[in-house]
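Q: Got a structure here, written out as C-alpha cells. Questions coming.
Only the coordinates and a few stated rules stand behind these numbers; no lab work does. This is a predicted model, so every value here is computed, not measured. Here the Cβ is made from the backbone with ideal geometry for all residues, glycine too, and neighbour counts use every protein chain on show.
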Amino acid sequence: MHEFSIAYGIVRELECVASQHKARRIMSVTLQIGQLSGVDPEALRLAFPLAARGTIAECAKLRLKKTPAVLKCHKCGRSSRAAGQTFVAVCAHCAETDVQIIAGTELLILKAELETAEDKT
C-alpha cells in the first residue's frame, strides 16, 4: 500500500508548515485527489492516522476532495470530464483520441487548519 508513504509525506509537509507558523497542532487538512493521481482515497484515509500517530497531526481531521479527470480535445477544442470509474482517453464530444489530460492527476494539500499559541489565549 503506497498510500502509507504518501500519507507519511503529507504529515511531514504539514509539520513543516506548522513549524513555520509556530503551530501547536494541526486541526484538519483538506486534500485534493485527482481521479488519475494513482492514489486510492480510501486507502489514504486509512493510512493517514497511522502516519500521523505521535505527531502534531495525530488528531487532525482528514478531508478529501476528489476531482475527476478532465480532457481537452485537440480536434474539436472542447473539454470533457471522464465518465464513470474507468478512464478512457476519448473526447466525449467527437470521440477523438487525440486528447490532453488537463486535470485529474493532482494530489494537493488545499488547506490546513492550525492551532497556534495565539488561539489559546
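Q: Going by the conditions given, is residue 38 in contact with a His (Cβ under 9 Å, 6 or more places away or on another chain), within 23 Å of residue 6 (Cα to Cα) and assigned to a loop (DSSP other than H, G, I, E, B)?
A: Taking the combined requirement at face value, the residue satisfies it.
Q: Could you pull out the residue among 57, 82 that is touching a Pro at 6+ places or on another chain (Cβ under 7 Å) and not basic (Lys, Arg)?
A: Working: 57 fails: touching a Pro at 6+ places or on another chain (Cβ under 7 Å).
It is 82.
Q: Kindly list, by first and then second residue, each pair from a residue in region 27-53 that is within 15 Å of residue 14 (Cα to Cα) to a residue that is assigned to a strand (DSSP E or B) and β-branched (Val, Ile, Thr), limited to pairs with Cβ atoms under 7 Å and residues at least 6 apart or on different chains.
A: What qualifies is 29/109; 31/109; 32/67.
Q: Does residue 7 meet the test of being over 12 Å from the mean Cα position of the chain (by Cα) and not in a strand (DSSP E or B)? Can you show your working first?
A: On the way: over 12 Å from the mean Cα position of the chain (by Cα): no; not in a strand (DSSP E or B): yes.
In short, no.
Q: How many residues are more than 12 Å from the chain's Cα centre (by Cα), of a type in the set (Ser, Thr, Tyr) and not in a loop (DSSP other than H, G, I, E, B) if we restrict to region 41-68?
A: 0
Q: Scan region 8-23 and report the pairs whose first residue is more than 14 Å from residue 60 (Cα to Cα) and free of Cβ contacts under 8 Å to residues at least 12 places away in the same chain and whose second residue is assigned to a helix (DSSP H, G or I) and of a type outside the set (Ser, Thr, Tyr), with Cβ atoms within less than 9 Å and a gap of 6+ or a chain change.
A: Final answer for the pair search is 9/51.
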